[in-house]
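The values are calculated or read from the model by the stated rules, or taken from the named source; none is laboratory data. What you see is a predicted model; the values in this text were computed from it and never measured. Every residue, glycine as well, gets a Cβ built from its backbone with ideal geometry; the counts of neighbours run over all protein chains shown. Keep in mind that these areas ignore ligands, DNA and RNA; they rest on the heavy atoms of the full protein, side chains included. Shrake-Rupley method; radii C 1.70, N 1.55, O 1.52, S 1.80 Å.
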Amino acid sequence: MKEKIQEKFRTLFGEEGELFASAGRINLIGEHTDYNGGYVFPGAIDKGIIAAIKINGTDKVKAYSLDYDEYVEFGLNEEDKPNQAWACYIFGVCRETIKRGGKVAGFNTVFAGDVPLGAGLSSSAALESTFAFALNYLFQNGIDKFELAKIGQSTEHNYCGVKCGIMDQFASIFGKEGSLIRLNCKTMEYKYFPFNPAGYKLVLIDSCVKHELASSAYNKRRASCENAAAAIRKNHPEVEFLSDAKRVWLDEVREEIPEEDFLRAEYVIGEVQRVLDVCDALERGDFETVGEMMYQTHFGMSRLYEVSCEELDFLNKLARKMDVTGSRVMGGGFGGCTINLVKDELYEPFVKTAVAEFTAKFGHAPKVYDVVISDGARKL
Ligand code: ADP
Ligand code: MG
């Protein structure tokens, strides 16, 4: 990919650019915990964006997307927003850097990537993080890493119409080979944990479905969580977010809140604890426990939080039947991928069977993505 990028850069601009990269991400465990002030546990992956960039001495950005085979030129003022969606990510990163007092002037760039788009691996965060990191480096702005992640997040909010949390950009900027990062979404404290699953592979099976329920259901889940937290807060004023609550405190209010809210809260409180349990297990190199927690998360998302769907439950059940170490739906739910922790020797039969049986049942083939935990934003 690097060679192709530089070749195109030479053709367009007559020289080579400096190379920068960043990555997509997975989240091993910790789903629907972010807006409840709990933990997420993401890591950057071996699929990302690479960009060749060179300051061009003008006030224009000249950008070429290899994957879309499209060239766009834009200025750096608010009214210069380009029409192409992919270019808006780059424009947004420029604008958000400028808003933070950073310098950005015209540059040439050619870039490409291998994160599947819209599959739940956050190709958009990979794109934002590549440019946020690169511009900070090239213009020597000295913006800290957390703020670089926020530049990506604000780009989504203000220039791409996506009201996302911070996890994707955080993972993409902070990601490190062989490490997952536990992020406390209330305090923004984070800690690296080793993730070197020798003898296992991580593989995602993409159901390639997206059920329409997602956004209205999401708002309902949030309301349930806030309702449960408010009830608990009457007895325990220290509960700011649902993640602050102990399980027994939830039991105290069981009669006061709708059963549905109770089940949603039961999932969230359990999920926060599971992230902590997985971190402990990783420090012991105990991947069997990690896998078991993943199954528990899937159960919770399916039966308590009710954000799974037939396709994902099918993949999860098949994984269990084949003795796959861990499996769960990844992301918000109602479609997307399952993430699976599979012993090396089981990898081939599992993937083969999953593809065959899923295709036979649902009439379309799932996609398969191997992932290895790798470095996030960096200069090559
Ligand atoms: P995801 O879940 O993968 O982040 P999004 O819809 O948020 O999906 O972001 C995908 C968008 O990001 C694409 O439509 C495109 O505009 C941009 N993008 C991602 N990867 C690339 C790439 N390799 N080249 C050009 N644009 C990309
Ligand atoms: Mg995205």
(request) Working only within segment 147-162, note down all residues that are away from ligand 1 (no atom under 12 Å from the Cβ) and among the small types (Gly, Ala, Ser). (result) 149, 154
(message) I'd like to check something: does segment 51-69 contain any residue that is of a type in the set (A, V, I, L, M, F, W, C), buried (at least 18 other Cβ atoms within 10 Å of the Cβ) and out of contact with any Phe, Trp or Tyr (no Cβ under 8 Å at 6 or more places or on another chain)?
(response) no
(request) Considering each residue of segment 232-252, count those that are within 13 Å of residue 267 (Cα to Cα) and basic (Lys, Arg), and give that number. (result) 2
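Matching residues to (1) among the β-branched types (Val, Ile, Thr); (2) within 25 Å of residue 3 (Cα to Cα); (3) in a loop (DSSP other than H, G, I, E, B); (4) away from ligand 2 (no atom under 16 Å from the Cβ):
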residue	(1), (2), (3), (4)
50	yes, yes, no, yes
58	yes, no, yes, yes
64	no, yes, no, yes
71	no, yes, no, yes
74	no, no, no, yes
83	no, no, yes, yes
87	no, yes, no, no
90	yes, yes, no, no
(request) Find the residue count for segment 218-239, including only residues that are buried (at least 16 other Cβ atoms within 10 Å of the Cβ) and under 20 Å from the mean Cα position of the chain (by Cα). (result) 2
(request) Could you tell me which of the residues 161, 106 is assigned by TED's automatic domain parsing to the domain that holds residue 23, touching a residue at least 40 places away in the same chain (Cβ under 8 Å) and farther than 17 Å from residue 376 by Cβ? (result) 106
(request) Have a look at 151, 173 and point out the one that is more than 13 Å from ligand 2 (Cβ to nearest atom), surrounded by 24 or more Cβ atoms within 10 Å (Cβ to Cβ), under 13 Å from the mean Cα position of the chain (by Cα) and assigned to a helix (DSSP H, G or I). (result) 173
(request) Report whether or not residue 112 is within 16 Å of ligand 1 (Cβ to nearest atom), at pLDDT below 95 and open to solvent by less than 30 Å² (accessible area, probe 1.4 Å). (result) no
(request) Report whether or not residue 328 is in contact with a Phe, Trp or Tyr (Cβ under 7 Å, 6 or more places away or on another chain) and not in a helix (DSSP H, G or I). (result) yes
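Give the residue that is farthest from the chain's Cα centre (by Cα), with candidates limited to residues of segment 115-148 that are within 15 Å of ligand 2 (Cβ to nearest atom), assigned to a loop (DSSP other than H, G, I, E, B) and closer than 17 Å to residue 377 by Cα.
Taking segment 115-148 first, the residues within 15 Å of ligand 2 (Cβ to nearest atom) are 115-132.
With the extra rule that they be assigned to a loop (DSSP other than H, G, I, E, B), the set shrinks to 115-122.
So of that shortlist, the ones also closer than 17 Å to residue 377 by Cα come out as 115, 121-122.
Working: 115: 11, 121: 5, 122: 5 Å.
In this case the residue turns out to be 115.
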(message) Which pairs turn up if I take residues in segment 119-142 that are in contact (Cβ under 8 Å) with a residue 40 or more places away in the chain and look for partners that are open to solvent by 30 Å² or more (accessible area, probe 1.4 Å) and within 11 Å of ligand 1 (Cβ to nearest atom) with beta carbon separation below 6 Å, at least 6 apart in sequence or on another chain?
(response) 122/168; 123/117; 125/168; 127/89; 128/89
(message) Kindly evaluate residue 144 against the criterion of being in the same structural domain as residue 172 (by TED's automatic domain parsing), away from ligand 1 (no atom under 14 Å from the Cβ) and not aromatic (Phe, Trp, Tyr).
(response) yes
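Looking for whichever is away from ligand 1 (no atom under 16 Å from the Cβ), on the phi < 0 side of the Ramachandran plot, open to solvent by less than 80 Å² (accessible area, probe 1.4 Å) and not aliphatic (A, V, I, L, M) here; the options are 270, 165, 178, 199. Which one fits?
Values: 165 fails: away from ligand 1 (no atom under 16 Å from the Cβ); 178 fails: on the phi < 0 side of the Ramachandran plot; 199 fails: on the phi < 0 side of the Ramachandran plot.
Residue meeting the stated conditions: 270.
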